[in-house]
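The values are calculated or read from the model by the stated rules, or taken from the named source; none is laboratory data. What you are looking at is a predicted structure, and each value in this text was computed from that prediction instead of being measured. Note that each Cβ is placed from the backbone with ideal geometry, even for glycine, and that neighbours are counted across all protein chains shown. To get the accessible areas, we keep the full protein, side chains included, count just its heavy atoms, and leave off ligands, DNA and RNA. Shrake-Rupley method; radii C 1.70, N 1.55, O 1.52, S 1.80 Å.
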Amino acid sequence: MKIRENCSVLLQFDYKIVTNGEFMFFSKFLPKNDIFFNLFDQHAEFIVKTAEGLKDLVNNFQDVNSRDLYISNINKSEHAADRVTQEVNRLIHKTFITPIDREQIHALINMMDDTADAIQDTAEVLILYNVTQINPDIIGLTDLSLKACERVRYAVSLLANVGKDNTAIAILKTCEEIDILESDADRIMRSAMSDLFHNDQDAKELIKLKAIYELLETITDKCEDVANIIEGIVLENS
């Protein structure tokens, strides 16, 4: 009976308290579950593949015959990212002790998935809106999107060792780099929007380009949102 009562107490233990203040030291002795970090890494890789697909589409947009191939590659990577997201959300409910707070796991994987979705949406709109020409602003925003996704991948790859001081510093530095890329994308978008409304422009083309600029800037916004979540994880677990 005594053993059963002790087991009951252990089962009622809430992991959340381990990640707060005085219990932080104790958390270092809990079992390490690497599956979540492995899945984060997989998803981040699919984000980059999706962004690379978008860059290929933009850089070779005049090659009409190859567009379907680029779109197919983007969709495959996005669908693979979706499957990883589903698996993480399933594991959240089946895992007794998670390596970081459940809410943080849920927020991170779903914001990462939003990033992949934003890239796919941008590619689809480029085709659906029958864009006739890719201008330097679209190319610049696409390049910044890929760079931001690559920095997200790097930050995510360090999360498994977030408890180490040097790793925490490296993650926070990478998050700052993502913030800078997002600010650069903001500036390009504002300049591009200004040109749209100050220069003579066909109304249809104006609507198309405005939507594309906003979608491209959304990608870096989502990367910044991922970085903000990662910063929170670092500050609470390092």
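Please verify whether SER72 is part of a helix (DSSP H, G or I), without any contact (Cβ under 8 Å) to a residue 60 or more places away in the chain, under 28 Å from LEU141 (Cβ atoms) and over 17 Å from the mean Cα position of the chain (by Cα), treating the condition exactly as stated.
Judged against the criteria, SER72 is a match.
Check THR122, THR115, THR132 and return the single one that is surrounded by fewer than 21 Cβ atoms within 10 Å (Cβ to Cβ) and hydroxyl-bearing (Ser, Thr, Tyr).
Criteria check complete, one pass: THR132.
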| Which of the residues belonging to the range 103-117 are closer than 15 Å to GLU87 by Cβ and either touching a strand residue (DSSP E or B) at 6+ places or on another chain (Cβ under 7 Å) or among the charged types (D, E, K, R) (or both)? | ASP113
| Count of the range 155-176 residues which are open to solvent by less than 60 Å² (accessible area, probe 1.4 Å) and over 25 Å from LEU57 (Cβ atoms) | 14
| message | Restricting to the range 36-68, give me the number of residues that are open to solvent by 70 Å² or more (accessible area, probe 1.4 Å) and at pLDDT below 95. | response | 4
| request: State yes or no: is ILE97 closer than 21 Å to LYS55 by Cβ, loosely packed, with under 15 Cβ neighbours inside 10 Å, in contact with a Leu (Cβ under 9 Å, 6 or more places away or on another chain) and not basic (Lys, Arg)? | output: no
| request: Test VAL152 against the stated conditions and say whether it is open to solvent by less than 30 Å² (accessible area, probe 1.4 Å) and not in a helix (DSSP H, G or I). | output: no
| Is one or more of the residues making up the range 160-175 under 21 Å from ASP221 (Cβ atoms), out of contact with any helix residue (DSSP H, G or I) (no Cβ under 7 Å at 6 or more places or on another chain) and part of a helix (DSSP H, G or I)? | yes
